[in-house]
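K.L.:
Next up is a structure, given as structure tokens.
The values are calculated or read from the model by the stated rules, or taken from the named source; none is laboratory data. These numbers come from a predicted model, not from an experiment. Glycine also receives a Cβ, built like all others from the backbone with ideal geometry; neighbour counts cover every protein chain displayed.
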Amino acid sequence: MNTQDYIKIEDQYGAHNYHPLDVVINKAKGVWVWDVDGNKYLDCLAAYSAVNQGHCHPRIIKAMKEQADKVTLTSRAFRNDQLPLLCKELCELTGYEMMLPMNSGAEAIETAIKASRKWGYKTKNIPKNSAEIIVCENNFAGRTITVISFSSEEQYKDGFGPLTPGFKIIPFNDVDALEKSITPNTVAFIVEPVQGEGGVIIPSDGYLKKAHDICKKNNVLLITDEIQSGLGRTGKLFAFEYDGIKPDVVTIGKALSGGCYPVSAVLSSKEVLGVFNPGDHGSTFGGNPLGAAIARESIKVLIEEKLIENSFELGKYFMDRLQEIKSPHIKEIRGKGLFIGVELKDEANGARRFCEALMKKGILCKETHVNVIRFAPPLVITKEEIDWAMERINEVLMMK
């Protein structure tokens, strides 16, 4: 079977909730992937930052296979020997007191919402069912009903009501709006340090520090969504480190498993995560031994192979090389680490056609918010591979 055969089958039997590029991948290693027709591509999306460690990293695959031969799932009705070690290692690495494991990023966000609401009722003593959570325009945190309820993107909500109440949407990168929107019933402010799906939007220096101080002053939990920006993507373990703060709650996922299994987590204090009692919240697969073993090795790979440092150094190099391109289509280039967005002018007629042209030249990336090309390769990329990509990116961005 060839590419068109697979596309035809998927279009016939699969729901059309995505608009993928027409490449059918069947093999991957490091920063490279191959399609069913034998063509080779440099992956510049990294599965939306889920494969920061590179595709099929041998250490992570080994850990996965070894654990799969022992036990994969116990449910949380029983204990296993991998989850306690993941809890301990994650908390020691990040400086948080407790973690709560889930599967997807959206589940981590839902968990953070539930924790902050219950904290508001039990600790802050706000009236029952009156908790308010502040979020930012252009946010993206998943696709559950509650998560889309606080999206500012109308398409994400169209046809899915009634939606979950209790959220206020304010402009991103606006501390005055944050301060003005806080009331006695505000329990949390959820913010992405870098808005990835929003177009790799970078806030002003010091924005998170000011938001942190405002939240502290008003006894409001600062929740940073690091599901896409965390675990090395921006050149730091977490993007919030650029502002020298420690949020009250952090959500992580994606690269927590190196792209080998759905694993997410919420990190916080005993005061916040301690509000949960047995039966309050859970997941059959959350904290399973297979996922925990994979996550443990994924974290070790990030640290021991210095992939966070590589992201910082080569992210600067990638940005510098992009800045050399004299394309009439480029409006702005922005990024941190290997989390980079190239925003095109309106007259460029969208980023999709450039992504399709890059695919034909052996580079896979994806448009976001119509006019932005996102470049986020696995953190194992080398300077030589960036140079190889730049020749082709330059050619494509210079086309009419």
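K.L.:
Could you please let me know if residue 293 is among the small types (Gly, Ala, Ser), buried (at least 22 other Cβ atoms within 10 Å of the Cβ) and either in contact with a strand residue (DSSP E or B) (Cβ under 8 Å, 6 or more places away or on another chain) or outside any helix (DSSP H, G or I) (or both)?
P.N.:
For residue 293, the condition - among the small types (Gly, Ala, Ser), buried (at least 22 other Cβ atoms within 10 Å of the Cβ) and either in contact with a strand residue (DSSP E or B) (Cβ under 8 Å, 6 or more places away or on another chain) or outside any helix (DSSP H, G or I) (or both) - is not met.
K.L.:
Within the bounds of segment 311-318, is there any residue that is surrounded by fewer than 21 Cβ atoms within 10 Å (Cβ to Cβ) and aliphatic (A, V, I, L, M)?
P.N.:
No, every residue in segment 311-318 fails to be surrounded by fewer than 21 Cβ atoms within 10 Å (Cβ to Cβ) and aliphatic (A, V, I, L, M).
K.L.:
Mind checking which pairs have a first residue in segment 264-275 that is under 19 Å from residue 288 (Cβ atoms) and a second that is aromatic (Phe, Trp, Tyr), Cβ under 7 Å, 6 or more apart or different chains?
P.N.:
From residues that are under 19 Å from residue 288 (Cβ atoms), the pairs are 267/96.
K.L.:
It is to be established whether one or more residues within segment 110-118 are under 18 Å from the mean Cα position of the chain (by Cα) and among the polar types (S, T, N, Q). Spell out the reasoning first.
P.N.:
Of segment 110-118, the ones under 18 Å from the mean Cα position of the chain (by Cα) are 110-113.
Next cut, among the polar types (S, T, N, Q) only: 111.
Looking through segment 110-118, at least one residue is under 18 Å from the mean Cα position of the chain (by Cα) and among the polar types (S, T, N, Q).
K.L.:
Continuing with this model, one more query. Taking the condition of being touching a Gly at 6+ places or on another chain (Cβ under 7 Å) and either assigned to a helix (DSSP H, G or I) or of a type in the set (Lys, Arg) (or both), how many residues in segment 256-290 meet it?
P.N.:
Adding up the residues that qualify gives 1.
K.L.:
So which residues in segment 149-200 are part of a loop (DSSP other than H, G, I, E, B), under 23 Å from residue 120 (Cα atoms) and charged (D, E, K, R)?
P.N.:
Matches in segment 149-200: 192 only.
K.L.:
Answer yes or no as to whether residue 108 is modelled with pLDDT of 95 or more, among the small types (Gly, Ala, Ser) and part of a helix (DSSP H, G or I).
P.N.:
Against the criterion (modelled with pLDDT of 95 or more, among the small types (Gly, Ala, Ser) and part of a helix (DSSP H, G or I)), residue 108 qualifies.
K.L.:
Tell me, yes or no, whether segment 208-223 has at least one residue that is within 19 Å of residue 118 (Cα to Cα), touching a helix residue (DSSP H, G or I) at 6+ places or on another chain (Cβ under 9 Å) and part of a helix (DSSP H, G or I).
P.N.:
Yes.
K.L.:
So, one more: Of the residues 298, 283, which single one is touching a Ser or Thr at 6+ places or on another chain (Cβ under 6 Å) and of a type outside the set (A, V, I, L, M)? Let's see the steps before the verdict.
P.N.:
On the way: 283 fails: touching a Ser or Thr at 6+ places or on another chain (Cβ under 6 Å).
Within the list 298, 283, the selection yields 298.
K.L.:
In this structure, is residue 31 under 23 Å from the mean Cα position of the chain (by Cα), under 23 Å from residue 378 (Cβ atoms) and not assigned by TED's automatic domain parsing to the domain that holds residue 256?
P.N.:
Yes: the conditions hold for residue 31.
K.L.:
Oh, and also: Hey, can you tell me all the residues within segment 23-42 that are free of Cβ contacts under 8 Å to residues at least 40 places away in the same chain and out of contact with any strand residue (DSSP E or B) (no Cβ under 9 Å at 6 or more places or on another chain)? Steps first, answer last, please.
P.N.:
We begin by selecting, within segment 23-42, every residue free of Cβ contacts under 8 Å to residues at least 40 places away in the same chain; these are 24-29, 32, 34-38.
Result: 37, 38.
K.L.:
Of the residues that sit in segment 323-369 and are among the basic types (Lys, Arg) and in a loop (DSSP other than H, G, I, E, B), which one is surrounded by the fewest Cβ atoms within 10 Å (Cβ to Cβ)?
P.N.:
It comes out as 326.
K.L.:
Ok, one more. Could you tell me which numbered condition residue 231 fails, if it satisfies all but one of (1) touching a Pro at 6+ places or on another chain (Cβ under 6 Å); (2) at positive phi?
P.N.:
Condition not satisfied by residue 231: (1).
K.L.:
Looking at (1) assigned by TED's automatic domain parsing to the domain that holds residue 386; (2) on the phi > 0 side of the Ramachandran plot; (3) within 22 Å of the chain's Cα centre (by Cα), which is the one condition that is false for residue 138?
P.N.:
Result: residue 138 passes all but (1).
K.L.:
Select from segment 121-162 the residues that are exposed (fewer than 14 other Cβ atoms within 10 Å of the Cβ) and touching a residue at least 40 places away in the same chain (Cβ under 8 Å) and write down the one among them that is nearest to residue 110 (Cα to Cα).
P.N.:
Among those that are exposed (fewer than 14 other Cβ atoms within 10 Å of the Cβ) and touching a residue at least 40 places away in the same chain (Cβ under 8 Å), it is 122.
K.L.:
Might you check whether a residue that is out of contact with any Lys or Arg (no Cβ under 9 Å at 6 or more places or on another chain), under 26 Å from residue 143 (Cβ atoms), modelled with pLDDT of 95 or more and surrounded by 16 or more Cβ atoms within 10 Å (Cβ to Cβ) occurs anywhere in segment 33-45?
P.N.:
yes
K.L.:
Please state which of the following conditions residue 192 fails to meet, knowing it meets all the rest: (1) crowded, with 22+ Cβ neighbours inside 10 Å; (2) out of contact with any Asp or Glu (no Cβ under 7 Å at 6 or more places or on another chain); (3) more than 19 Å from residue 118 (Cβ to Cβ); (4) not hydroxyl-bearing (Ser, Thr, Tyr).
P.N.:
Result: residue 192 fails condition (2) only.
K.L.:
Scan segment 123-146 and give yes if some residue there is assigned to a helix (DSSP H, G or I), modelled with pLDDT of 95 or more, under 28 Å from residue 48 (Cβ atoms) and touching a Ser or Thr at 6+ places or on another chain (Cβ under 7 Å), otherwise no. Steps first, please.
P.N.:
Let us first name the residues in segment 123-146 that are assigned to a helix (DSSP H, G or I), namely 145-146.
Narrowing further to those that are modelled with pLDDT of 95 or more: 145-146.
Still in the running and under 28 Å from residue 48 (Cβ atoms): 145-146.
Within this subset, residues satisfying the condition of being touching a Ser or Thr at 6+ places or on another chain (Cβ under 7 Å) are 145-146.
Yes; the residues of segment 123-146 include at least one that is assigned to a helix (DSSP H, G or I), modelled with pLDDT of 95 or more, under 28 Å from residue 48 (Cβ atoms) and touching a Ser or Thr at 6+ places or on another chain (Cβ under 7 Å).
K.L.:
I'm trying to understand the selection: among the residues of segment 33-53, which are part of a strand (DSSP E or B) and of a type in the set (Asp, Glu)?
P.N.:
The answer is 35, 43.
K.L.:
Okay, next question. Looking for something aliphatic (A, V, I, L, M), at pLDDT 95 or above and not assigned by TED's automatic domain parsing to the domain that holds residue 293 - is there at least one such residue anywhere in segment 9-19?
P.N.:
Yes: one or more hits.
K.L.:
Mind listing whichever residues of segment 370-396 are surrounded by 15 or more Cβ atoms within 10 Å (Cβ to Cβ) and either hydroxyl-bearing (Ser, Thr, Tyr) or in a loop (DSSP other than H, G, I, E, B) (or both)?
P.N.:
Within segment 370-396, 371, 376, 377, 378, 379, 380, 381 meet the criteria.
K.L.:
Right, next: Taking the criterion of being in a helix (DSSP H, G or I) and over 24 Å from residue 304 (Cα atoms), would at least one residue in segment 54-76 satisfy it? Write out each step before concluding.
P.N.:
Step one: list which residues in segment 54-76 are in a helix (DSSP H, G or I), which gives 58-68.
Then drop every residue that is not over 24 Å from residue 304 (Cα atoms), which leaves none.
Within segment 54-76, not a single residue is in a helix (DSSP H, G or I) and over 24 Å from residue 304 (Cα atoms).
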